[in-house]
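Structure record follows, encoded as structure tokens.
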Amino acid sequence: MASSSSAPPVPLLTTGWLRLNLDHQFMDQPKTTFDTEDGPVTFQANLGSYWGELEAGFTHQIRTDAAVFGSAGYQENFDGDIHAWTVKFGFRMNW
């Protein structure tokens, strides 16, 4: 008599997260300069002293070796004159 001993299915996981950041710029208007054939090119940032970020995301396994993920976030400096939205979606495979 043959016995079939199949293992129970492995549960697929779904995780979520929420992140709140408070950032501070210590350098006053940092600069980065690149040398080019036409001469130096300088990029300068003025983000303000403090800014905050709120971000949320998830990962959902669709198989034991594959998952989809996504996140969305909002950033704003406390001076109120600079803000940004971010959205990311993707697919991940493990091998």
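The values are calculated or read from the model by the stated rules, or taken from the named source; none is laboratory data. Not measured: the values here are computed from a predicted model. Here Cβ is always computed from backbone atoms with ideal geometry, including for glycine, and neighbour counts include all displayed protein chains.
So here's what we get for this one:
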| item | result |
| --- | --- |
| Selection status of W95, touching a strand residue (DSSP E or B) at 6+ places or on another chain (Cβ under 8 Å) and either in a strand (DSSP E or B) or not small (G, A, S) (or both) | no |
| Unique residue being out of contact with any strand residue (DSSP E or B) (no Cβ under 9 Å at 6 or more places or on another chain), free of Cβ contacts under 8 Å to residues at least 24 places away in the same chain and of a type in the set (F, W, Y) when the list is F89, F26 | F26 |
| Test: residue in the range 73-87 that is under 16 Å from G16 (Cα atoms) and surrounded by 14 or more Cβ atoms within 10 Å (Cβ to Cβ) | yes |
| Of the criteria (1) surrounded by 10 or more Cβ atoms within 10 Å (Cβ to Cβ); (2) in contact (Cβ under 8 Å) with a residue 24 or more places away in the chain, which one L18 fails | (1) |
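Residues are listed down the side, and each one gets a yes or a no for (1) surrounded by 13 or more Cβ atoms within 10 Å (Cβ to Cβ); (2) within 30 Å of V10 (Cα to Cα); (3) within 19 Å of the chain's Cα centre (by Cα); (4) at pLDDT 95 or above:
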| position | (1), (2), (3), (4) |
| --- | --- |
| Q25 | yes, no, no, no |
| P30 | no, no, no, no |
| F34 | no, no, no, no |
| D38 | no, no, no, no |
| T42 | no, no, no, no |
| S49 | no, no, no, no |
| G52 | yes, no, yes, no |
| D65 | no, yes, no, no |
| V68 | yes, yes, yes, yes |
